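Each reported figure results from applying straightforward, stated rules to the coordinates on display, with no laboratory input. In this text the structure is predicted, and so the values were computed from the model without any measurement. Neighbour counts are summed over all protein chains in view; Cβ atoms, including those assigned to glycine, are modelled from backbone coordinates with ideal geometry.
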Ligand SMILES: Cc1cc2nc3c(=O)[nH]c(=O)nc-3n(C[C@H](O)[C@H](O)[C@H](O)COP(=O)(O)OP(=O)(O)OC[C@H]3O[C@@H](n4cnc5c(N)ncnc54)[C@H](O)[C@@H]3O)c2cc1C
């Protein structure tokens, strides 16, 4: 019997240390993010990063030869659950998006020259990056519809296209761009990835799109989602990442573990919202009793706890499957947690916000920011509907329609078959009447 829900003691020590460190050293900085701005925040992070490095937890998602720990997905998942409690913890641990995902792509598909020029400086914090795939004019949930083209011209490629929601692009030094290299190839072999320096002629960062997360228009702030036009952007063939046509394959290899990390971070956020829900319910009184005495609120507490436990077990199971059987084997589990986990995050934050009333809606509590964060989780990295569709498709492969159209469990049909099979028995019983 190999089922085991325990954590090895040495790693549990790391987790305990991280929980304390994140809560005591990083949570307080959250309230100063606006005042410090990005550069000030990074200055505040520097000594914390040093402590994380000393502890051997820096960029733990990467292999040891790149300075990481080569942790498997279960360990990374448990770690992300703690780091997810605050949006700024990943800076201290060397795994802030999108640089962390881009570093994985470069580690996976980059040539030695690409690693020297982009990956090592990225890991050292000397460069910033963005991932540029989604387009305003094609459905991001079906990337086979991508329109941006990269056409080979001698020793170069020339890129033309229109992207948006390229997170951090307006402060990035280079972009990883997904573009169609062979429109006639099979749908998942049409696109390739390229490294494009932002100062390449023809790269036009049009604007940072104002969003639910940052409703005020601004430009060049950390966490932006940029709109970009690529007009006759000429790059050398050495800018191709991996093989031509391997864009989707590389993206999938990055997205599978990324989804586990997302789901575990969402659980960190959910737990923090849940703690606020319970605390407030114990102190706010209305209509003759504390909110904690109201059946609706008690149901919310129980339902939230059940949903969070379910999502946690599902996510760690998906991580375990990835570690033991590989990413492809965990496809169904990863799609399941992506939409289920996003729903749990949304529900728990929504209930916590509701319990706080106008205080929850105000920026005096972190719940309104969590709510906006939760809303986006339902469509980035694949909308709920697409993951549900994928799960249903995989499940239905294990079934077939009954040949005669009669349901297998149809009672009269089964009864007739059973009567025939047990005719002798039935005869004895009825003859005894
Ligand atoms: C905060 C944030 C950060 C992001 N960062 C990046 C980034 O760094 N780089 C990048 O390239 N992109 C990024 N994105 C974009 C993100 O990946 C896309 O929004 C996502 O892939 C969905 O694509 P879309 O917005 O074009 O929606 P669409 O594809 O137009 O889908 C819209 C809706 O259609 C419905 N739908 C789609 N397909 C189906 C189906 N098969 N069945 C039923 N309903 C369906 C769903 O409800 C879906 O939400 C980011 C988005 C957000 C919100």
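Cut-off 10 angstrom, C-alpha nodes, Gaussian network model of the chain. Which of 321, 221, 128 fluctuates the most?
221
Taking the alpha-carbon centroid of each part, what is the distance from the stretch 200-237 to the stretch 1-16 in angstrom?
The two parts, judged by their Cα centres, are 43 Å apart.
Most fluctuating residue of 356, 120, 287 in a GNM of the chain with Cα springs under 10 Å: which is it?
Of 356, 120, 287, the most mobile in the Gaussian network model is 287.
If you line up the long axis of helix 411-421 against the longest principal axis of the chain, both from Cα atoms, how many degrees apart are they, to the nearest 10?
60 degrees
Quick check: pseudo-label points 7 Å beyond the Cα along Cα→Cβ at residue 369 and residue 12, how many nm apart are they?
3.3 nm
If you take the beta carbon distance between residue 234 and residue 414 as r and set R0 to 60 Å, what does 1/(1 + (r/R0)^6) give as a FRET efficiency, to the nearest 0.05?
According to the calculation, E is roughly 0.30.
Counting other C-beta atoms within 10 Å, which of 166, 132, 100, 292 has the fewest, and how do the rest follow?
Result, fewest neighbours first: 292, 100, 166, 132.
Under the rule of -39500 (n - 2.57) per DSSP H run of 4 or more residues, summed and divided by the residues of the chain, what mean residue ellipticity at 222 nm is obtained, to the nearest 500 deg cm²/dmol?
-16000 deg cm²/dmol, from helical runs alone.
Relative contact order, percent, of the chain when contacts are C-alpha pairs under 8 Å separated by at least 6 residues?
Reported relative contact order: 12 percent.
Give the distance, in whole Å, between the Cα centre of the stretch 111-127 and the Cα centre of the stretch 238-288.
26 Å
What's the FRET efficiency of residue 108 with residue 34 using the Cβ-Cβ distance as r and R₀ = 25 Å, to the nearest 0.05?
About 0.10, to the nearest 0.05.
Modelled label-to-label distance, residue 313 and residue 283, 7 Å Cα→beta-carbon offset: nm?
3.3 nm
How do the peptides 301-311, 27-37 rank, highest first, by the average count of neighbouring beta carbon atoms within 10 Å per residue?
Going by the mean number of other Cβ atoms within 10 Å, highest first, we get 301-311, 27-37.
Which of 148, 413, 200 moves the most in a Gaussian network model of the chain with Cα springs under 10 Å?
Comparing 148, 413, 200 in the GNM, the peak value goes to 413.
Rounded, prolate or oblate for the stretch 1-138? Axes are the square roots of the Cα gyration tensor eigenvalues, ordered a ≥ b ≥ c, and the cut-off for rounded is a/c under 1.5.
Taking the square roots of the gyration eigenvalues as a ≥ b ≥ c, the stretch 1-138 is oblate.
Determine the shape class of the stretch 122-171: with a ≥ b ≥ c the square roots of the Cα gyration tensor eigenvalues, call it rounded for a/c under 1.5, and otherwise prolate if a/b is greater than b/c, oblate otherwise.
oblate
Just want the ordering: 225, 317, from fewest to most Cβ atoms lying within 10 Å of their own Cβ.
In order of increasing Cβ crowding within 10 Å: 317, 225.
With no solvent and one point on each alpha carbon, what is the Debye value of log10 I(q)/I(0) for the stretch 159-250 at q = 0.11, 0.12, 0.14, 0.20 Å⁻¹?
-0.34, -0.40, -0.53, -0.94
Relative contact order of the stretch 339-423: what whole-number percent is it, with Cα pairs under 8 angstrom and at least 6 residues apart?
25 percent
What number, in percent, do you get for the relative contact order of the stretch 267-418 if the mean sequence gap of Cα pairs under 8 Å and at least 6 apart is divided by its residue count? Present the calculation step by step, with values, prior to reporting the outcome.
Values: 126 pairs, mean separation 35.4, N = 152.
Value for the stretch 267-418: 23 percent.
Could you list 209, 429 in order of exposure, starting from the residue whose Cβ has the fewest other Cβ atoms within 10 Å?
Placing the least packed residue first, the sequence is 429, 209.
From the square roots a ≥ b ≥ c of the eigenvalues of the alpha-carbon gyration tensor of the chain, which class results: rounded (a/c under 1.5), prolate (a/b over b/c), or oblate?
oblate
With angles folded into 0 to 90 degrees, how steeply does helix 331-361 sit against the dominant principal axis of the chain? Use alpha carbons for both and round to 10.
It works out to around 80 degrees.
Give the calculated FRET efficiency between residue 206 and residue 385 to the nearest 0.05, with a Förster radius of 30 Å applied to their Cβ-Cβ distance.
Efficiency, rounded to the nearest 0.05: 0.55.
When averaged across all projection directions, what area in nm² does the alpha-carbon convex hull of the stretch 251-395 cover?
9.0 nm²
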